[in-house]
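The values are calculated or read from the model by the stated rules, or taken from the named source; none is laboratory data. Keep in mind the model is a prediction, meaning the values are calculated, not measured. Glycine gets a Cβ as well: all are built from the backbone with ideal geometry, and neighbour counts include every protein chain shown. Accessible surface areas use protein heavy atoms only, side chains included; no ligands, DNA or RNA. Shrake-Rupley method; radii C 1.70, N 1.55, O 1.52, S 1.80 Å.
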Amino acid sequence: MERPSRQRQQERETERESDEETLSCPECDSTEIVTDADQELVCEDCGLVLDERNIDRGPEWRAFNHSERQSKSRVGAPITETMHDKGLTTTIDWKDKDAYGRSLSSEKRSQMHRLRKWQERIRTKDAGERNLQFALSEIDRMASALGVPRSVREVASVIYRRALNEDLIRGRSIEGVSTAALYAACRQEGIPRSLDEVADVSRVPQKEIGRTYRYISQELGLELKPVDPKQFVPRFASALQLSEEVQSKATEIIDVSAEQGLLSGKSPTGFAAAAIYAASLLCNEKKTQREVADVAQVTEVTIRNRYQEQIEAMGFR
């Protein structure tokens with residue numbers, strides 16, 4: 001029985017890679033053979049071109065700026081998890097013009113309007129897809145408000161899709177699960193965003209977000225490390241316009257305090273805020289407790305309590 005073509009192709013690629021690994025230069029006997037930008041096999045030591053007939057898998061056209069690249073490209077955007085159909089959909093343009101840029105007749109315009117309307121309707125075929133579409137739009141909205149990178153949106157979308165497939169949404173609000181997925185993605189990608197900050201841009205209470213987050217992380221088996229207070233230091237210090245010296249001192253205070261076990265059971269944002277406050281005093285860049293508390297979204301009482309513990313840990317009293 002003949003093997004599938006895909007398997008044969010993988011075998012050929014493996015053979016080609018093994019040949020490239022054992023290939024040596026006939027001029028200088030070097031094994032440092034690389035593939036350059038023109039898809040040619042070149043000796044890295046003497047510059048001899050060993051093979052110039054490799055297949056160029058790039059486009060056949062050339063572009064020298066972004067507008068040329070956009071006009072010549074015949075492919076769409078890559079697949080993304082942030083859209084319910086992963087971006088594999090058809091969009092009917094709203095400009096009402098043909099391929100030559102000429103305006104359509106009134107009859108054709110009304111026809112395109114009807115087609116456009118039905119296209120929007122059939123993009124979601126059932127309630128599950130409508131649920132997913134709304135949830136992903138919520139994730140995108142909150143991610144934009146928090147200013148997190150696109151990788152976090154992709155991870156949050158994947159987490160929500162997994163929760164939907166595992167039927168974890170039943171009995172919970174779509175907004176609550178999507179917010180919990182975004183918070184889990186921030187922690188997974190190492191982007192410092194506190195639960196308070198996520199709750200500020202969400203439409204559900206903080207208590208529900210925390211409860212839903214714990215539930216989906218346990219059910220999906222998400223391996224999430226405890227939040228490191230040092231991740232919050234650069235952002236808080238930048239908002240307070242503090243120097244690099246203060247940031248370094250705050251990081252040192254957190255490290256010393258953590259070694260003595262003071263971090264256990266404490267809020268990472270409050271711990272980072274107190275370290276910044278203490279560092280600002282030690283470096284003569286004094287900030288009030290109110291200023292630090294407003295930036296970190298914690299109370300002044302929390303800063304005072306953590307500050308006393310950290311100062312004692314540093315041995316200043």
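Only one residue of 122, 79, 183 has its Cα farthest out toward the positive end of the dipole of the chain, where Lys and Arg carry +1 and Asp and Glu -1 on Cβ, and that residue is 122.
Legend: P(r) of the stretch 122-247 from all alpha carbon pair distances, 5 Å bins from 0, whole percents, reading 2, 11, 21, 22, 19, 11, 6, 4, 2, 1, 0, 0. Here's the picture: charge each Lys and Arg Cβ at +1 and each Asp and Glu Cβ at -1 in the chain, and of 275, 213, 149 the one pushed furthest to the positive end of that dipole is 213. Largest mean-square fluctuation among 103, 157, 30, in a Gaussian network model of the chain whose springs join Cα atoms under 10 Å apart, belongs to 30.
Exceedance of the 23 Å cut-off in Cα-Cα distance is limited, within the set 86/125; 72/108; 72/97; 207/249; 72/117; 225/286, to 72/108; 207/249; 72/117; 225/286. Annotation: peptides 185-198, 105-118, ranked by per-residue average of other Cβ atoms within 10 Å with the highest first, follow the order 185-198, 105-118. Excluding ligands, DNA and RNA, the accessible surface per residue across the stretch 259-317 is 51 Å² with a 1.4 Å probe. When the stretch 229-314 is described by a simple charge dipole with +1 on each Lys and Arg Cβ and -1 on each Asp and Glu Cβ, the residue from 229, 297, 262 located farthest towards its positive end is 297. In this simple spin-label model, placing a label point 7 Å from the Cα along the Cα-to-Cβ direction at both residue 165 and residue 215 gives a separation of 2.1 nm. Computed about the Cα centre, the dipole magnitude for the chain is approximately 2680 debye when only Lys and Arg (+1) and Asp and Glu (-1) carry charge, each at its Cβ. Mean-square fluctuation check for the chain, GNM, Cα pairs under 10 Å: which of 164, 222, 48 is largest? The residue that fluctuates most here is 48.
When the chain is treated as a GNM with alpha-carbon contacts under 10 Å, the residue of 153, 121, 74 showing the greatest mean-square fluctuation is 74. Charge tally around residue 271: other residues with Cβ under 12 Å, Lys/Arg +1 each, Asp/Glu -1 each, net 0. Using Cβ point charges alone (K and R +1, D and E -1), the dipole size of the stretch 229-314 about the Cα centre works out to roughly 220 debye.
Temperature 4 °C, viscosity 1.567 mPa s: under these conditions the Stokes-Einstein estimate for the chain, based on its Kirkwood radius over C-alpha pairs, is 51 µm² per second.
Shape annotation for the stretch 200-317: C-alpha extents along the principal axes are 47, 30, 25 Å, from largest to smallest.
Peptides 300-307, 286-293, 62-69 ordered by packing proxy, namely the average of other Cβ atoms within 10 Å per residue, highest first: 300-307, 286-293, 62-69.
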